[in-house]
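S.K.: For reference, the structure I am asking about is given below.
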Amino acid sequence: MKGHTPCTTHSLLSVIGHTPLVELTRSSPKEGVRIFAKLEGNNPTGSIKDRVARALVEDAVSDGRLKEGGTIVEASSGNTGIAVAMVARQMGFDAQIVLPQGIVPTICDALNILGVQVHRCESYAGMKGAIDMADELAARLGGVCLQQFRSETNVSVHYETTGREIACSLERVDAFVAGIGTGGTVTGVGRRLRETNPDVRVVGVEPQMGERLQGLKSIEDGFAPPLLDFDLLSRRLMVDAATSIRTARRLAQVEGIVAGMSAGATFHAALREAERMERGNIVVMFSDGGWKYLPVRPWDSAVAGDSELDEIHWW
Ligand SMILES: Cc1ncc(COP(=O)(O)O)c(C=O)c1O
């Protein structure tokens with residue numbers, strides 16, 4: 001056809017990562033301090049976990065644990081489950097996801113539309129119960145658990161991709177702010193950035209004790225993620241759920257970025273970090289998009305101080 005230029009096509013798995021790093025020009029409290037956000041919501045399923053799911057599945061294939069027609073079993077309360085389902089579909093594997101109770105309903109809808117089988121564990125069992133159930137199910141089905149909380153690949157994928165992308169985009173990073181869930185992001189990216197600037201401040205963000213916040217875990221609650229390199233952290237900051245949700249709303253209203261609740265927490269921490277600096281560049285992770293949370297209207301509950309916020313896992 002005249003005037004038609006063939007366009008380049010890419011597989012879905014190859015477009016994971018390479019997410020935008022955008023400057024939050026309307027939010028920096030000081031002229032000399034610039035804040036840049038890594039928009040992980042731009043991944044195919046809308047979260048940073050696409051990177052991890054692809055790497056873990058590729059690992060399992062290359063070391064022979066996962067063979068043609070095999071089944072992946074993973075415990076997740078959201079982003080990882082959706083990412084695993086997408087990667088499984090792309091690579092032709094079956095996937096079964098174990099969910100704890102109290103999951104954002106749209107996450108279940110996403111898993112349903114991706115056609116994976118969903119199992120739910122007892123309400124009292126929590127995330128630990130979901131992990132145990134996934135282990136049992138995998139043993140019964142001869143399936144493979146990817147174990148994002150234990151696999152070093154969850155760190156190296158961020159060192160090799162997320163961290164490298166940030167280091168290549170900015171001449172200098174003075175502070176890096178990320179949420180702590182498995183600890184993979186903050187450890188992998190933090191290591192990479194410390195190599196380029198030994199003085200970079202690495203700030204880990206966790207929910208307030210006893211609170212639930214999408215993707216993040218409170219170390220004070222007694223859970224120390226095995227992958228988290230505590231020596232790497234310059235500072236740990238706790239942010240409460242209502243502040244995180246309100247800050248996520250402010251992010252949308254000031255910058256036009258609709259990100260998830262953990263981005264509200266990391267953005268709040270980045271603003272606090274900015275107050276301590278005279279000049280320099282801050283990079284903050286926005287680990288997922290906020291669209292899937294809209295039907296639950298967390299913003300309204302946060303303003304009303306609604307106790308129902310505690311009933312849902314915000315990740
Ligand atoms: C939305 C969100 N933010 C932050 C994190 C934390 O990332 P990591 O597990 O790499 O510590 C997660 C992890 O699940 C997440 O889903």
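The values are calculated or read from the model by the stated rules, or taken from the named source; none is laboratory data. Nothing here was measured: the structure is a model prediction, and the numbers come from that model. Methodologically, a virtual Cβ is constructed for each residue, glycine included, from the backbone with ideal geometry; neighbour enumeration extends over all protein chains shown.
S.K.: Only residues that are out of contact with any His (no Cβ under 9 Å at 6 or more places or on another chain), farther than 21 Å from V186 by Cβ and basic (K, R): list them for the range 233-249, please.
M.R.: R249
S.K.: When you scan the range 1-49, how many residues do you find that are part of a helix (DSSP H, G or I) and either within 18 Å of T185 (Cα to Cα) or not β-branched (V, I, T) (or both)?
M.R.: Matching residues across the range 1-49 total 6.
S.K.: So if I check each of E160, E171, E165, which one is away from the ligand (no atom under 12 Å from the Cβ), modelled with pLDDT of 95 or more and outside any helix (DSSP H, G or I)?
M.R.: None of the other options fit; the residue is E171.
S.K.: Please find, among V33, V98, the residue that is within 20 Å of the chain's Cα centre (by Cα) and more than 14 Å from the ligand (Cβ to nearest atom).
M.R.: Exactly one residue qualifies, and that residue is V98.
S.K.: Sort out which residues of the range 211-247 are modelled with pLDDT under 90 and assigned to a loop (DSSP other than H, G, I, E, B), and write them in order of number.
M.R.: E211, R212, Q214, G215, K217, S218, G222, F223, A224, P225
S.K.: Within the range 177-192, identify whether any single residue is more than 20 Å from E152 (Cβ to Cβ) and either modelled with pLDDT under 95 or not aromatic (F, W, Y) (or both), and answer yes or no.
M.R.: Yes; the residues of the range 177-192 include at least one that is more than 20 Å from E152 (Cβ to Cβ) and either modelled with pLDDT under 95 or not aromatic (F, W, Y) (or both).
S.K.: When you check L141 against the structure, is it among the hydrophobic types (A, V, I, L, M, F, W, C) and touching a strand residue (DSSP E or B) at 6+ places or on another chain (Cβ under 6 Å), yes or no?
M.R.: So L141 passes the test.
S.K.: Regarding the range 88-110, can at least one residue be identified that is part of a helix (DSSP H, G or I), touching a helix residue (DSSP H, G or I) at 6+ places or on another chain (Cβ under 9 Å) and surrounded by 22 or more Cβ atoms within 10 Å (Cβ to Cβ)?
M.R.: Among the residues of the range 88-110, at least one is part of a helix (DSSP H, G or I), touching a helix residue (DSSP H, G or I) at 6+ places or on another chain (Cβ under 9 Å) and surrounded by 22 or more Cβ atoms within 10 Å (Cβ to Cβ), which makes the answer yes.
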